[in-house]
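First up is the structure itself, then whatever we jot down about it.
The values are calculated or read from the model by the stated rules, or taken from the named source; none is laboratory data. In this text, all values refer to a predicted model and were calculated from it rather than measured experimentally. Cβ placement follows ideal geometry from the backbone for every residue including glycine, while neighbour counts extend to all protein chains displayed. Side chains included, ligands, DNA and RNA excluded: accessible areas come from the protein's heavy atoms. Shrake-Rupley method; radii C 1.70, N 1.55, O 1.52, S 1.80 Å.
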Amino acid sequence: MVFQLFVVLALAHAGLAKVSPNFSDCLGQFYASKPPVGFTSLSGTMTPLCQMYETYNNPFFASMYHKGNRYALYSAYILDTRPGDVTGSDQTFRLEPQLVDTRLPKEMMLQPATETAIRSLGLSGVATDLIKANQAINSDYTGSNYHKGHLNPNADHPDGPIQKATYTLTNVAPMLGTLNSGAWRNNEKRVRDIAATCGKMYVVTGVVPGNNWISVNGVKRINIPSHIWSGYCCLNNNNQPIRAEGALAPNNANTVQVLSIASLQSQLRSLLGVTVTLFQNNCS
């Protein structure tokens, strides 16, 4: 009994900064410390996440998670690798325990460890069911014909824990395989090449919710986005904006449209039905 009480108290202490209202614990991942505006006007339950990994105290990136769709509407991060850097191998995708209960650990965990933590906390209900009620699990994608498309890609970071941190199911969304491996990957490489000319680059990458779903045994599990989008804000060595650009891709073809931030926001307004601002002053 004493051991169980210790476990519960330890888990409660661990959950201080994972689910973070208004991204207060990871504002440094956004240009001018200002998260995108407009997305919270969309319907559904949204949770700002400061993405933590293992025992590292600082968040590696930020994601606006949409509980109903079971993916993030966007992930925001600082692109901190350059062309030629070696990227790590694929990792097993992890879960976010605090989407079940904020007393659970703040760092992402594999599903078995998450289930153990839930049982240790003494929550009512089956651990697997509690997880599935709040987020996607790896098996949801099995046989779906969709990739787990990274919003914050591992290749945008140097090898190490920050790459591994991108392998969480709250940082991916269903993406057409040919797009994910083709035109979208080429666009990510193009942006990394541009980042080599910047003192710092802030990136926000997200999705437009669609009308179709990945279903498992007749149950709708993950919404399939209609579009994938991204925008970057490039600063010089004096932290002054010098370049910004966006990209938009329909999630049913292997094509990407490159456009200005203003044009991207205009298209997102038409697709989402709300006015959004990705960067303060459009990174200008």
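What Rg and what Dmax come out for the chain when only alpha-carbon atoms are used, in angstroms?
Here Rg and the maximum Cα pair distance are 18.5, 60 Å.
Using a Gaussian network for the chain with springs between C-alpha atoms less than 10 Å apart, which of these wobbles most: Asn239, Asn154, Asn180?
Looking only at Asn239, Asn154, Asn180, the largest GNM fluctuation is found for Asn239.
Grab the beta carbon distance between Ala262 and Asn236, set R0 = 25 Å, and tell me the FRET efficiency rounded to 0.05.
Here the calculated transfer efficiency is 0.75.
Over all directions, what mean area does the Cα convex hull of the stretch 17-135 project, stated in square nanometres?
With the hull built on Cα positions only, its mean projection is 8.6 nm².
On average, how much accessible surface per residue is there in the stretch 184-284, in Å², for a 1.4 Å probe, leaving out ligands, DNA and RNA?
46
Starting from the Cα of Lys67, step 7 Å along the direction of its Cβ; do the same at Asn281; then give the gap between the two resulting points in nm.
Each label point is offset 7 Å from its Cα along the Cβ direction, giving 3.8 nm.
On C-alpha positions alone, give me the angle between the axis of helix 111-121 and the longest principal axis of the chain, in degrees, nearest 10.
Approximately 50 degrees, to the nearest ten.
Mind listing the phi-derived Karplus ³J(HN,Hα) values for the stretch 100-106, rounded to whole Hz, using 6.51, -1.76 and 1.60 with θ = phi - 60°, and x for any glycine or proline?
Calculated HN-Hα couplings, in order: 7, 7, 5, 7, 6, x, 7 Hz.
Which of Pro112, Pro174, Pro35 moves the most in a Gaussian network model of the chain with Cα springs under 10 Å?
Highest fluctuation among the options: Pro112.
What percentage of the solvent-accessible surface of the stretch 50-196, computed with a 1.4 Å probe over protein heavy atoms, is contributed by carbon and sulfur atoms?
C and S atoms contribute 48 percent here.
If you take the charge dipole of the chain about its Cα centre, with +1 on Lys and Arg Cβ and -1 on Asp and Glu Cβ, which of Tyr31, Val216, Ser270 is farthest toward its positive end?
Ser270
Grab the DSSP H runs of the chain that are 4 residues or longer, score each as -39,500 (n - 2.57), total them, divide by all residues and round the 222 nm result to the nearest 500 deg cm²/dmol.
Taking each H run of at least 4 residues, the total per residue is -6500 deg cm²/dmol.
Could you tell me what fraction of 2.2 N^0.38 Å the Cα radius of gyration of the stretch 61-194 comes to, as a two-decimal ratio?
Compared with the compact-globule rule of thumb, the stretch 61-194 sits at 1.11.
Return one quarter of the surface area of the convex hull spanned by the alpha-carbon atoms of the stretch 163-231, equal to its mean projected area, in nm².
5.8
Just want the answer: with Cβ charges of +1 for Lys and Arg and -1 for Asp and Glu, which residue in Gly160, Gly206, Val19 is farthest toward the dipole's positive end in the chain?
Gly206
Among the listed pairs Lys34/Lys189; Lys189/Lys220; Lys106/Lys220; Lys132/Lys189; Lys200/Lys220, give every one whose C-alpha distance is greater than 31 Å.
In this structure, Lys189/Lys220; Lys132/Lys189; Lys200/Lys220 lie more than 31 Å apart at Cα.
Given a 1.4 Å probe, how much area per residue of the stretch 60-158 is accessible, in Å²?
Computed with neighbouring chains in place, this is 38 Å² per residue.
In nm, to one decimal, how far is the Glu54 label point from the Gln91 one, both placed 7 Å along Cα→Cβ?
Taking the simple label geometry, Glu54 and Gln91 are separated by 0.8 nm.
Could you check the spin-label model distance between Asp80 and Arg243? Points 7 Å from the Cα along Cα→Cβ, value in nm.
2.2
Calculate, for Ser270 and Asn217, the FRET efficiency according to 1/(1 + (r/R0)^6) with r their C-beta to C-beta distance and R0 25 Å; round to the nearest 0.05.
Given R0 = 25 Å and the Cβ-Cβ separation, E is 0.10.
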